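Q: Here it is: the structure, laid out below.
Only the coordinates and a few stated rules stand behind these numbers; no lab work does. Values in this document were obtained by computation on a predicted structure and should not be read as measured data. Quick reminder, even Gly has a Cβ in these numbers, built from the backbone with ideal geometry, and neighbours come from all protein chains shown.
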Amino acid sequence: SAVISQKPSRDICQRGTSLTIQCQVDSQVTMMFWYRQQPGQSLTLIATANQGSEATYESGFVIDKFPISRPNLTFSTLTVSNMSPEDSSIYLCSVESGQGARAQYFGPGTRLTVT
Amino acid sequence: GQNIDQPTEMTATEGAIVQINCTYQTSGFNGLFWYQQHAGEAPTFLSYNVLDGLEEKGRFSSFLSRSKGYSYLLLKELQMKDSASYLCAVKADSWGKLQFGAGTQVVVTP
């Protein structure tokens, strides 16, 4: 299985500021995924990050609000820009692993609170 | 539209069996995942089904019927630590992105 770490694990931020979340994987992966889990809700995909190309965003998410970098095959960052209290969520990155991509693993998540 | 439906909550007694159903309607199908998520933690991968049938892994089993758009997760010999949310997720294309159901909160009572 893939081992994924995220930084920071949690943060409390002020409205209008930005936070960059880092995701590091212990093996090279083609695609990394960023999800959001709002309080009491299930997971929603924000975007898919491929190395060497622009991230692909899901409906309702835009690059200006959630810019993503993918500089190499083991690392990605997600920035939450111009934050508002509605951005308070857990942000998780995930990767596929295993032969035939039969598993997908999540990082420990970043718990963001915007005041 | 795309739908993934699962019950909101189930309660069962320690040592018993619980079956969590998941029905889905998605634009494509490239596999179904089950995850366990304890409060305040990230989801933990439990199982993956892409062909019809039953996959058994210890106390947990997962079943898939693609023609019916249906899966279930079976938890046997329930333990208190199995109290968690169980998430059904469908991979609708070959790129790996998952669509999640709302999750089923399983409460195990003594």
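Q: Counting alpha carbon pairs within less than 8 Å and at least 6 residues apart, what relative contact order, in whole percent, applies to chain B? All intermediate terms of the calculation are to be shown ahead of the outcome.
A: On the way: 283 pairs, mean separation 40.6, N = 110.
Over chain B, the number comes to 37 percent.
Q: Okay, moving on. To the nearest 0.05, how large is the calculated FRET efficiency for A:Gln38 and A:Leu73 if R₀ is 25 Å and r is the Cβ-Cβ distance?
A: That gives a FRET efficiency of 0.25.
Q: Arrange B:Val107, B:Val50, A:Val25 by Cβ neighbour counts within 10 Å, fewest through most, would you?
A: Least crowded to most crowded, the residues run B:Val107, B:Val50, A:Val25.
Q: Kindly flag which residue pairs out of A:Lys7/A:Lys65; A:Lys65/B:Lys97; A:Lys7/B:Lys97; B:Lys57/B:Lys91; A:Lys7/B:Lys76 have an alpha-carbon separation exceeding 25 Å in this structure.
A: Result: A:Lys7/B:Lys76 exceed 25 Å.
Q: In chain A, what percentage of the DSSP-assigned beta bridges are antiparallel, given to the nearest 5? Let's see the in-between values first.
A: Working: 35 of 39 bridges.
Counting DSSP beta bridges with both partners in chain A, the antiparallel share is about 90 percent.
Q: Would you mind ranking B:Glu55, A:Glu96 so that the residue whose beta carbon has the fewest other beta carbons within 10 Å leads the list?
A: Sorted ascending by nearby Cβ count, the order is B:Glu55, A:Glu96.
Q: Moving on. Residue by residue, what Karplus-based ³J(HN,Hα) values in Hz, rounded to whole numbers, does segment B:84-90 have, using 6.51, -1.76 and 1.60 with θ = phi - 60° and x for Gly and Pro?
A: Residue by residue, segment B:84-90 yields 5, 8, 10, 10, 9, 9, 10 Hz.
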